[in-house]
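The values are calculated or read from the model by the stated rules, or taken from the named source; none is laboratory data. Not measured: the values here are computed from a predicted model. So basically every Cβ, Gly included, is an ideal-geometry build from the backbone, and we count neighbours across all protein chains shown. Remember, those area values only see protein heavy atoms, side chains included, never the ligands or the DNA or RNA. Shrake-Rupley method; radii C 1.70, N 1.55, O 1.52, S 1.80 Å.
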There are 2 protein chains.
Amino acid sequence: MKRRSVTSYDVARLAGVSQSAVSRCFSPKGSISAKTREKVLAAARQLGYRPNTIARSLITRSSRTVAVVVSQLDNPFYALTLARASRTFQSEGYHLLLFLVSADGDTTDVMSEILQSQAEGILMLAASLTTPFAQECVDRSIPVVMINRTVDFTGVSQVSSDNYHGGYWAGSYLVSQGHRRMAFINGLVSSSTGAYRRRGFLDALLSQGFSCWAEEYGEYHFDKAREATRRLFTKQPYPDAVFAANDHMAIAAVETLRAEFGLRIPEDVSVIGFDDTPLAAWPSYQLTTVRQPVEDMVAAAAELLLGQMREGKLSPVQRILPVVPILRGSVRQRG
Amino acid sequence: MKRRSVTSYDVARLAGVSQSAVSRCFSPKGSISAKTREKVLAAARQLGYRPNTIARSLITRSSRTVAVVVSQLDNPFYALTLARASRTFQSEGYHLLLFLVSADGDTTDVMSEILQSQAEGILMLAASLTTPFAQECVDRSIPVVMINRTVDFTGVSQVSSDNYHGGYWAGSYLVSQGHRRMAFINGLVSSSTGAYRRRGFLDALLSQGFSCWAEEYGEYHFDKAREATRRLFTKQPYPDAVFAANDHMAIAAVETLRAEFGLRIPEDVSVIGFDDTPLAAWPSYQLTTVRQPVEDMVAAAAELLLGQMREGKLSPVQRILPVVPILRGSVRQRG
DNA sequence: CTGTTAGCGCCTTCAA
DNA sequence: TTGAAGGCGCTAACAG
């Protein structure tokens, strides 16, 4: 139990005004004469008064808080996304309540916490949501925006990049450059993004009369992706191209192929990633990849969330942003 | 304005009990008969009732929230640190309020927000604090723990690794391996960690009769560090060793030296970093570095913060954890 | 413009 | 064990 803190009453007493005068003084649209305002501010300063956000939230019924659920903070892509989102909401005057979950973990208890926390909006970054919770959010008219994860439920908004066509591009590009044994390193079974990237990739191969040479799961995790790579390359003939469901894993593959198999990229094996994280552009990797428009995605998500929070009504939208192929040096060129 | 939500009164009415019965039912130490508890829970379930954390905080005067101020989320080291901290506090039943600041930015408005938010503790990750705010936190008996940043004020706790000796080791190790033109890539002028690492490094060189060959600022930023590297290596004779104030910048240096100067690591130039981020161990870098014990640091910080929050009294402590040199392949061996 | 008066949703004595 | 009653610190009508 904390010792009693300075309240607006204390300030009022010292300033010789009513408590509500103090309140007005600290709310943007309170009408107050310059004279009392000054008295109040002086008293407040003297006592070190600061309005109590919690009390304010209780009465205004608005916490100006959004909950962010994120997994995979070890992946630079999501660290960056979180950073941008944080900046955006901060600048709009919202506080961020951060919840970390494991990539495939269930979010049940976390969601429960969030619902009790009176957050006015929920942003899910690469985190899954169960239908009952999605339903509950809708019931309470708390807008939810998911980035890069889907839920089988129409009540929540979803922002993602065009995973299917990203995968499709990767597949057709590899074929067009003369590759024949294309392997895929998938992320998590539970991830919708991975599923779409895979589907697009397979469809592209199929449309050219090929099928996927081999497939492994790297769980969006660096070391797991290295293991996946090893599994892929232990049996001959090994793949002549690898498409990974994200850059993080693609780079894991590059590192492993070079260091453990003595293979050169792209002379011996071509590699394509997904995301376009900063590392992809580093000289060591020059990773050809599919760029997700992070900034646009965050901006879209923020816009949706902010809009719905302000209007107090839900208008779930599914937004799919175009990806852009980034050609660098990790794919062998035909001829 | 949100529509009225389900309150404990609604539940009480439906269950045919008093509101306080409902309250007791949802607080851990409320004494209630099994029968009423059941009635209440049933009613609560039916109405979708969840206790309002804000109201609870107001009356208990405890928000069970800690504010985390972090900069440099693009640096994997801090992304990781945040992830660990988040897990720790979550598992202790605390909520995290996240505030991002720019690496050298002032934290004035952010601190102001935090103070109003009624957070019970503040964790600063690579973020600076001005003395007046430190003082205010002390006045309000809000414990503050800073990780890897110092404030010239004894009221707050500080956890850091032994930056001085880390730098010292780097310096003496380079000398002992026969290097002669040791350069330093510093972080930010405002960063205490950088200052200590530098001091240790210089002292080590000095004690062997050397001085720093050249010094540049990389601002803990990848691209800035690349520029710093370029500046370091444009005038002949260039350094035969580079010590960077963190791995992030060390790797930027490696990338730049290889790609733009055609130099080999460690044959032509040796490089030492600081942190031991995951990347440092990747085959491409094999970066010799000074490991900061992240887990221990977070554990120590969490322990300090939790302890002080529980006891409600401040007992600021300065904890310096030992670093450990990690010898990999980025330093040329003597002989 | 200012003060008075009700609460926001909950916890917590205090009696019963 | 239960209910009644009084706030936590603040905002928002409402009169004056």
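Observations on the structure shown:
- Rounded tilt (10° steps) of A:163-176 against the dominant C-alpha axis of chain A: 20 degrees
- Longest to shortest principal axis, alpha-carbon extents of the stretch B:114-191, angstrom: 55, 18, 18
- Between copies, the label points at A:E92 (set 7 angstrom from Cα along Cα-to-Cβ) are spaced 3.2 nm, reported in nanometres from shortest to longest.
- Placing +1 on the Cβ of every Lys and Arg and -1 on the Cβ of every Asp and Glu, with nothing else charged, gives chain B a dipole about its Cα centre of roughly 1560 debye.
- Shielding by partners - mean other protein chain Cβ count within 10 Å, residues of A:49-56: 6
- Comparing A:L96, A:Y9, A:A79 along the charge dipole axis of the stretch A:1-125, the residue lying farthest to the positive side is A:Y9, per the Cβ-charge model.
- Partner lysines for B:K224 [C-alpha distance under 30 Å; skip if fewer than 8 residues away on the same chain]: B:K235
- Approximate shape of the stretch A:8-51 as ellipsoid semi-axes (Cα gyration tensor, √5λ), whole Å, largest first: 14, 10, 9
- Across all Cα pairs in the stretch A:63-335, the calculated P(r) in 5 Å bins from zero up to the longest distance comes to 1, 6, 14, 17, 18, 14, 10, 8, 6, 4, 2, 0, 0 percent per bin.
- Along the stretch B:119-127 the Karplus relation, 6.51 cos²θ - 1.76 cosθ + 1.60 evaluated at θ = phi - 60°, assigns HN-Hα couplings of 4, 8, x, 10, 10, 10, 9, 6, 10 Hz to successive residues, with x for each Gly and Pro.
- Our estimate of slack between B:R231 and B:S91, defined as 0.36 nm per intervening residue step minus the Cα-Cα distance, is 45.7 nm.
- With a 10 Å cut-off around each Cβ of B:116-128, the average count of Cβ atoms from other chains is 2.
- Other copies of A:S27: label-to-label distances in nm, shortest first, labels 7 Å along the beta-carbon direction: 2.8
- Label distances, nm, A:V189 versus same residue in remaining copies, Cβ-directed 7 Å point: 5.7
- Alpha-carbon Debye profile of the protein assembly as shown, log10 I(q)/I(0) at 0.06, 0.09, 0.11, 0.12 Å⁻¹: -0.40, -0.85, -1.17, -1.31
- When chain A is treated as a GNM with alpha-carbon contacts under 10 Å, the residue of A:L129, A:L188, A:L14 showing the greatest mean-square fluctuation is A:L14.
- Per residue value of the accessible surface for chain A (all protein chains in place, 1.4 Å probe), Å²: 41 Å²
- Surface burial for A against B, with a 1.4 Å probe and both sides summed, reaches about 5200 Å² of accessible area.
- Within the protein assembly as shown: Cβ-based charge dipole about Cα centre, in debye rounded to nearest 20 (Lys, Arg +1; Asp, Glu -1): 2100 debye
- The mean number of partner chain beta-carbon atoms within 10 angstrom of a residue's beta-carbon across peptide A:130-140 is 1.
- Chain-alone versus full-assembly comparison, the stretch B:247-266, residues with accessible loss of at least 30 Å² (1.4 Å probe): B:E255
- Summarising the amide proton neighbourhood of A:F184: residues at separation of 5 or more, or on other chains, whose placed amide H is nearer than 5 Å comprise A:A214, A:E215, A:E216, A:F243.
- Residues of type aspartates and glutamates that A:K313 reaches as a straight line, Cα spacing below 20 Å, ignoring anything fewer than 8 places off in the same chain: A:E92, A:E120, A:E136, A:D139, A:E303
- Within the accessible area of the protein assembly as shown, the carbon and sulfur atoms contribute 51%, probe 1.4 Å, all protein chains present.
- Using alpha-carbon coordinates, inclination of helix B:76-91 to the longest axis of chain B, degrees: 20 degrees
- Rounded tilt (10° steps) of A:108-117 against the dominant C-alpha axis of chain A: 30 degrees
- Of A:R198, A:R291, A:R45, the residue with the greatest mean-square motion in the GNM of chain A, using alpha carbon springs below 10 Å, is A:R45.
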